[in-house]
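Contents: one structure, followed by commentary.
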Amino acid sequence: MADRAHSTSRRALLAGLATSTALTVPVLAGDTHPDTELLDLWHRRGLAEAAAKAAGKRQDDLSDATPFPAPPEAVFVQAGDEAFGFLGLATSHGSGRLWYSVQAPGAGGRAGPLRRPRTRVVDEPFPEGHVLHGTDCTIGRRVAWPEAQARADAIVRAWDDWRAELDRIYTVSGLDVANAEWEALDDAQAELDGAIRDATAHTLDGLRIKARLAQNDLDDDTDPEPTLIAGLVRDILAMQAAA
């Protein structure tokens, strides 16, 4: 209850700052404003945000218009996989079925071990003339497991072929270029966000800009950067002391 009340009061404070139109310091002669830096940053951020959104829409539209092949049946869990001990390597696919997401070596992923040789342990009689006390006179030896290896090879081959086809489609369709364009523009907006966060507000105009940045995060159910909130508090206290 306390956390919810704190969050509500924080949202109300930021919303009040973000929508306020009053100024604490009058605009000076020659169109010089004490928060020129923040006003310019906010203007540039608006342009960057619009460009990033437009690039994102182009990417989404291109993706919607591009047909992609469904994952091959071989990468989904099949009868017999449990006997090979594969079920622990499977994860849930978006369709609700279990599948093997065989990432490239070094990329992690639960199904990565399918790229390694498949072996099993078989019990053999203890060599005649030797006795190992406390056992049932058998020893275990790790040997190749051709059946499990064949299934693992089929999964990995199907996965790699499918991923290679997806990579080809991303290239020829222009999605790779569209994604790179969006990332570059999104990075530019993020850089401006950082500059706004680090700038000092001298008037309510400046505070409102920083509050809008924080409010954007809250609207997306994301906690604002702690340094942004700390900067708002710092600037408010400094303006209060100067008043």
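The values are calculated or read from the model by the stated rules, or taken from the named source; none is laboratory data. Just so we're clear, the structure is a prediction, and the values are computed from it rather than from any experiment. So basically every Cβ, Gly included, is an ideal-geometry build from the backbone, and we count neighbours across all protein chains shown. Note: accessible area is taken over every heavy atom of the protein model, side chains too, but ligands, DNA and RNA are not part of it. Shrake-Rupley method; radii C 1.70, N 1.55, O 1.52, S 1.80 Å.
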Considering residues of the range 196-228 that are of a type in the set (D, E, K, R) and open to solvent by less than 30 Å² (accessible area, probe 1.4 Å) only, the residue nearest to residue 35 (Cα to Cα): 205
Within the range 65-79, count every residue that is β-branched (Val, Ile, Thr) and touching a residue at least 60 places away in the same chain (Cβ under 8 Å). 2
Looking at this structure, is residue 22 hydrophobic (A, V, I, L, M, F, W, C), modelled with pLDDT of 95 or more and either part of a loop (DSSP other than H, G, I, E, B) or open to solvent by 40 Å² or more (accessible area, probe 1.4 Å) (or both)? no
Of a type in the set (Asp, Glu) and at pLDDT 95 or above - does that describe any residue in the range 208-217? no
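For the range 66-90, enumerate the residues that are under 15 Å from residue 158 (Cβ atoms) and open to solvent by 70 Å² or more (accessible area, probe 1.4 Å).
Filtering the range 66-90 for residues under 15 Å from residue 158 (Cβ atoms) gives 69-78, 81, 86, 89-90.
Within the range 66-90, 70, 73, 78 meet the criteria.
Residues are listed down the side, and each one gets a yes or a no for (1) closer than 30 Å to residue 197 by Cα; (2) in a loop (DSSP other than H, G, I, E, B); (3) polar (S, T, N, Q); (4) within 21 Å of the chain's Cα centre (by Cα):
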residue	(1), (2), (3), (4)
37	yes, no, no, no
46	yes, no, no, no
50	yes, no, no, no
56	yes, no, no, yes
69	no, yes, no, no
79	no, yes, no, no
83	no, yes, no, no
96	no, yes, no, no
Test residue 3 against the stated conditions and say whether it is under 32 Å from the mean Cα position of the chain (by Cα), at pLDDT 95 or above and over 21 Å from residue 240 (Cα atoms). no
Quick one: what pairs do we get from the range 229-243, first residue free of Cβ contacts under 8 Å to residues at least 60 places away in the same chain and under 16 Å from residue 38 (Cα atoms), second in a helix (DSSP H, G or I) and open to solvent by 50 Å² or more (accessible area, probe 1.4 Å), C-beta under 8 Å, 6+ apart or different chains? 231/197; 231/198
Lone unmet requirement of (1) in contact with a Phe, Trp or Tyr (Cβ under 6 Å, 6 or more places away or on another chain); (2) open to solvent by less than 40 Å² (accessible area, probe 1.4 Å) for residue 93: (2)
Can you confirm whether residue 177 is under 30 Å from residue 46 (Cα atoms), modelled with pLDDT of 95 or more and surrounded by fewer than 16 Cβ atoms within 10 Å (Cβ to Cβ)? yes
